[in-house]
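The block underneath contains the structure these notes are about, expressed in structure tokens.
The values are calculated or read from the model by the stated rules, or taken from the named source; none is laboratory data. Source: prediction; values computed, not measured. Don't worry about glycine lacking a Cβ; one is built from the backbone with ideal geometry, like all the others, and counts go over all protein chains shown.
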Amino acid sequence: MKLTTLLCATAICLLLGAAPALAAGAGSARSGQRAVVLVSGTAATTPFTTPTQACKTGYSAGNTWAFLRDYLVKKGYKVYTAPASLGGVKVTETKDPNDGPFGGCPKQLPASMTVNAIGSVDRSGSSLARFLGYLHGKYGVSRVDLVGHSLGGFIGRAAIREARLDKGPVKFTSYSTLGSPWDGTYIANPKNPADPLSACDGFPVCEAFAGSLLSVPGIEMLIALLKPSNTAVWNSNQAGALNGIPVSMLAGTYFTKAGGSPAVWPNDGIAQLQSAWAQGMSDKLIPHRACYSWPLTHSLFVSKGVGLPDDSSLTWNSDVGAQLAKIFNGASTALKKPNRIGCPAA
């Protein structure tokens, strides 16, 4: 069945107008010192791209970030995509529609700076931290607006923690996540451990790819991490990492169910709103946050899987791009504003 095939592919590949104020000054996007860095999530293959160099054929930056990367670059932001692959190997050009296709890309970076999209989150964070160090040495980047999609939200936090512990040269101006399951995902939390589909609460999109997701080689570690009880332990180990950094959580709520449990509904196909807004995490772990949502899906794959247009996904929507631009523009004064704007009360 075509829908099921697309949804299974989804599982395997898952789990904005710039204001003049940002374009002026030593720390602006156009100075070369401040940059936007985009980090992919579970099982993604993403090529390294720069503000001036992208892939010439297929998707300019892989199918996770091509739209938002191009959108932001056109608005004057200096955008880099962090390389990611299955196994953390050096990214190569591909014709595989699940990963791209993309070709004619900039010279790709070594495995040591490539995120392992199905490996240890902490090790991937180390790879991302090395990548940020590379951007500092090669391009003079000293301030970063970091954006993580899906599991990239975890990897980004791991990199921030490591960079700060090591007193690295790159400082974080803002941190944003798109569809990141901060508290874990309902898909990894079945009511009956012997029946993975019991996590879906009758949600056909979830049921269509849950089995395929669990069959991805090496996925067991990530599934274990994304079980909410285990995610809580990992989160507690990140205490202090986000101090002094304004955090923005962008969520999709396309899928809804009247009277459905908030532990599942609404959701974007992967992350439930409750988790995408980190409602289970205290201000001790996230000192300053803002929350946003749209009736969008988790990704291009989810949208295609259910027959929706590309712009129905968080990573391919201009409203999301515009909101990211506002976040970057306002980062310097964000901590002076009230906490939890748009978010539920603590």
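Structure notes:
- Trp65 passes every criterion in (1) modelled with pLDDT under 50; (2) surrounded by 24 or more Cβ atoms within 10 Å (Cβ to Cβ) apart from (1).
- If you go through region 94-121 and keep only what is polar (S, T, N, Q), assigned to a loop (DSSP other than H, G, I, E, B) and within 18 Å of Gly41 (Cα to Cα), you end up with Asn98, Thr114, Ser120.
- Here the condition is being within 19 Å of the chain's Cα centre (by Cα) and on the phi > 0 side of the Ramachandran plot; of Gly269, Gly259, Gly244, it holds for Gly269 alone.
- Members of region 57-87 found to be touching a helix residue (DSSP H, G or I) at 6+ places or on another chain (Cβ under 9 Å) and either part of a strand (DSSP E or B) or farther than 13 Å from Leu38 by Cα (or both), listed by number: Gly58, Tyr59, Ser60, Lys75, Gly76, Val79, Tyr80, Thr81, Ala84, Ser85, Gly87
- Selection count where residues are among the aromatic types (Phe, Trp, Tyr) and assigned to a strand (DSSP E or B), scope region 248-301: 3
- Filter result (loosely packed, with under 14 Cβ neighbours inside 10 Å and farther than 23 Å from Ala208 by Cα) within region 292-318: Ser318
- If only residues of region 302-314 that are among the aliphatic types (A, V, I, L, M) and part of a loop (DSSP other than H, G, I, E, B) are counted, the one that is nearest to Gly184 (Cα to Cα) is Val306.
- Out of Met281, Met249, sole residue that is more than 20 Å from Ala117 (Cα to Cα) and touching a Cys at 6+ places or on another chain (Cβ under 9 Å): Met249
- Helices (runs of 4 or more DSSP H) within region 130-237 that include 3 or more residues crowded, with 23+ Cβ neighbours inside 10 Å, modelled with pLDDT of 90 or more and under 16 Å from the mean Cα position of the chain (by Cα): 152-165
- Matching entry among Gly103, Gly76 (being in contact with a Ser or Thr (Cβ under 6 Å, 6 or more places away or on another chain) and of a type outside the set (Ser, Thr, Tyr)): Gly103
- When Lys90 is tested against the conditions (1) modelled with pLDDT under 50; (2) charged (D, E, K, R); (3) in a loop (DSSP other than H, G, I, E, B), the lone failure is (1).
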